[in-house]
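Below is one structure; the comments refer to it alone.
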Amino acid sequence: MSRSINLAVIPGDGIGQEVVAEGLKVLSAALPQDVKLETKEYDFGARRYHATGETLTDADLDELKRHDAILLGAIGDPGVPSGVLERGFLLKLRFAFDHHVNLRPSKLLPGVATPLAGQPEIDFVVVREGTEGPYTGNGGTIRKGTPHEVATEVSVNTAFGVERVVRDAFARAQARPRKKLTLVHKNNVLTFAGHLWTSVFDKVAEEYPEVTTEYIHVDAATIYLVTQPERFDVIVTDNLFGDIITDLAAAVSGGIGVAASGNINPSGEFPSMFEPVHGSAPDIAGQGKADPSATVLSVALLLRHLGHDAEAVRIEDAVSADLAERGDLPARSTSQIGDALAARVAG
Ligand code: NAI
Ligand code: MG
């Protein structure tokens with residue numbers, strides 16, 4: 001546990017600006033007096049792209065590298081062509097800083113509405129591989145724009161990349177009370193990648209006799225996430241499947257306003273980045289309507305990653321208590337929710 005935190009802050013676009021301000025408010029309230037928080041703000045995102053045409057330069061990466069962690073709001077704006085900021089900023093950063101563990105917890109907190117019948121017990125975490133699969137840009141196109149256009153987007157899976165994320169997931173499962181790990185893939189059809197994932201999973205499982213394991217095809221997983229979400233504890237899966245099932249997971253466990261995530265480099269070689277799952281929400285930006293809870297919960301993940309477990313728990317408890325009482329309160333603005341959370345954490 002460090003006595004100082006040197007944090008890079010990237011509010012980004014739209015509601016990213018609003019929710020990050022509240023995340024920092026709660027972070028400051030949670031930290032003990034003797035932990036020094038230093039923050040530096042960066043203006044990455046659509047605003048900078050419109051102004052300079054730049055997304056993320058090598059010099060930016062050198063600067064970001066020096067921080068202990070990164071807090072990101074959201075990047076994106078309807079005025080930027082699709083893919084420019086996703087590839088030029090989000091994916092570039094994930095690859096450059098080797099964020100191979102994409103961590104997305106899903107917990108249905110008391111008082112939070114779910115579209116599922118009843119109030120099922122939902123408390124699982126998805127460990128999504130973050131640097132491989134079909135997201136590496138390994139593909140191409142020929143005869144573009146003609147009736148004979150050909151496009152390939154090849155999924156990259158390496159024994160090294162699969163093993164390190166599978167190991168991370170086993171360690172997380174071992175540390176949780178239920179000690180259960182589910183591999184989600186599609187190994188009956190994607191047999192080459194499926195064989196690699198399944199054989200690595202089975203091999204590492206031998207080192208974790210206490211962890212109960214299961215395998216589920218990704219299509220069946222979407223059924224169980226709706227019909228039996230309580231069956232999941234830790235899920236490990238590839239980049240694309242993880243992208244899709246974590247949005248479903250967020251939808252069943254209280255929605256996008258409370259879904260937090262971490263892009264983690266477990267070795268600590270590069271700073272890890274924490275962000276709400278949601279985007280910049282241009283439809284409500286600038287109106288104080290955004291729920292900052294997902295960002296505040298991302299701050300809790302950040303603190304846990306840096307070894308400040310007690311502060312992380314205080315923040316999670318504050319969000320949980322706030323959500324539990326929300327039904328009885330009139331609607332509050334983004335900063336009113338942030339103030340309430342900061343007061344709970346400090347009190
Ligand atoms: P979005 O997550 O921004 O919004 C989807 C819906 O959820 C909207 O109706 C929005 O108002 C609502 N919403 C989102 N966050 C909320 C919050 N905290 N409180 C209350 N309501 C909330 O997804 P969308 O509309 O697909 O994308 C908008 C932009 O964000 C796009 O440019 C997209 O590329 C970008 N984006 C960026 C991400 C990132 O920075 N990691 C992730 C997802 C999208
Ligand atoms: Mg997504």
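Excluding Glu214 itself, calculate the net charge of residues whose Cβ lies under 11 Å from the Cβ of Glu214, where each Lys or Arg counts +1 and each Asp or Glu counts -1. Charge balance near Glu214 sits at +1. Only lysine pairs 8 or more places apart or on separate chains count here, and in the chain those with Cα atoms under 26 Å apart total 18. Using alpha carbon centroids, what distance separates the stretch 4-20 and the stretch 92-164, in Å? With the stretch 4-20 and the stretch 92-164 each reduced to a Cα centre, they are spaced 23 Å.
Toward the positive end of the charge dipole of the chain, with +1 on the Cβ of Lys and Arg and -1 on the Cβ of Asp and Glu, the farthest Cα among Ile244, Gly83, Ala310 is that of Ile244. Mind putting together the pair-distance distribution for the chain? All Cα pairs, 10 Å bins, whole percent per bin, short to long. With 10 Å bins starting at 0, P(r) equals 5, 24, 33, 26, 9, 1, 0. Per-residue ellipticity at 222 nm from helix content only, as computed over the chain with -39500 (n - 2.57) for each DSSP H run of at least four residues, stands at -12000 deg cm²/dmol.
Distance between the C-alpha centers of the stretch 328-347 and the stretch 223-285? Whole Å please. One Cα centre to the other: 24 Å. The ellipsoid that matches the Cα gyration tensor of the stretch 230-313 has semi-axes, each √(5λ) in whole angstrom, of 22, 19, 13, with the longest given first. Among beta bridges identified by DSSP and lying wholly in the stretch 114-253, the antiparallel ones come to about 25 percent.
Only the coordinates and a few stated rules stand behind these numbers; no lab work does. Model, not experiment: these values are computed from the prediction. Glycine also receives a Cβ, built like all others from the backbone with ideal geometry; neighbour counts cover every protein chain displayed.
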